[in-house]
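Encoded as structure tokens, the structure appears first; notes follow it.
No value in this document is a laboratory result; all are computed from the given coordinates. All values reported here derive from a predicted model rather than from experimental measurement. Note that we place each Cβ from the backbone using ideal geometry, even for glycine, and neighbour counts take in every protein chain shown.
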Amino acid sequence: MDSMTPLQSTGDQVNADRLLGTWEMVCSEGDIDPGEGVSATFSPEGTLRYAIRGVGKLEIMALTYEVRGSNLITDQPSKPKRETTAFWFDGDGRLVLKGESSTSWFVRSQEGSAA
């Protein structure tokens, strides 16, 4: 398997550039439990820090990601399994992630870092 890189073609650059930074989940439909809050931080190096805050706890997943068109492909090195999630930016500039069983909306974090 090839090592993952955040970009696969020049056409993916625009979407990947818009992803960079920290996003906070504002709502979700489906199987996602946002707990006390969820944030996702995308780096230009292709790493994704996904943080879920709960009452008295913080769960952090260190992932890698790549962009292929309108798909976000993630992998968790500690439990390898590539997952593909459709993504787009809605009319209000929110990041929308649509997986197999849920859709989640994120806004840019005002703080600049996850959890």
**Message:** Under the 0.36 nm per residue contour assumption, what length would be gained going from the current alpha-carbon distance of W88 and Q76 to full extension?
**Reply:** 2.1 nm
**Item:** Extension gain (nm, one decimal) between S43 and D17, 0.36 nm per residue minus Cα-Cα
**Value:** 8.4 nm
**Complete:** Between the modelled labels at S28 and S101 (7 Å from Cα along Cα→Cβ) the distance in nm is 1.2
**Item:** At q = 0.20 Å⁻¹, base-10 log of I(q)/I(0) for region 10-108 (Debye sum, equal scatterers on each alpha carbon)
**Value:** -1.07
